[in-house]
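**Q** Here it is, the structure, as structure tokens.
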Amino acid sequence: VADGVATTGPTALIVYKSTNLHQLAPTWSAANVGLPVPPAGANALDLRGRAIAIDPVNPQILYLGTELTFTGSSPPSNVSNGVFKSTNGGATWSLSGNGLPTWSGSSTTRLNVFALAVDPTNPSTIY
């Protein structure tokens, strides 16, 4: 998602993937199946990808940390955010944020995730 682009509603999170970066003219395609779009009418402005981590044992497993920006003093309660996981190299994503802290006053909207790291000796542990 490009900063400074005017929109008429919430901005969707889009991840781009290339499988041929070694070529002179690599190509990129959207890889955002399963990533949420903030609902229109909510006070969510946009959802941004802020961190990505790759499993050192299985590079098909990716983790994406997100930042939700919103208007007002409390976040919308109906936006999936936090950490998303892909097990197929980014083709599809699913919410993987169980146990992460939520915004005060919300039971579902998670705090922003600006950094992720996969434990190199135990890839099932994410920081």
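Each reported figure results from applying straightforward, stated rules to the coordinates on display, with no laboratory input. Everything quoted here is computed from the prediction, not taken from an experiment. All Cβ positions, glycine included, derive from the backbone under ideal geometry; neighbour counts span all protein chains shown.
**Q** Under the Karplus relation 6.51 cos²θ - 1.76 cosθ + 1.60, θ = phi - 60°, what is the ordered set of whole-Hz ³J(HN,Hα) values for segment 118-127, x standing for Gly and Pro?
**A** Rounded to whole hertz, the list is 9, 4, x, 9, 9, x, 7, 9, 10, 10.
**Q** If packing is taken as the average count of other Cβ atoms within 10 Å, what order do 89-100, 18-29, 63-74 fall into, highest mean first?
**A** Numbers: 89-100: 14.8, 18-29: 9.2, 63-74: 17.2.
Per-residue mean Cβ counts within 10 Å order the peptides as 63-74, 89-100, 18-29.
**Q** Under a Cβ-Cβ cut-off of 15 Å, what is the net charge of the residues other than Gln60 that fall near it, where Lys and Arg count +1 and Asp and Glu count -1? Walk me through the numbers on the way to the answer.
**A** Working: positive: Lys17, Lys85; negative: Asp55.
Once all neighbours under 15 Å are counted, the net charge is +1.
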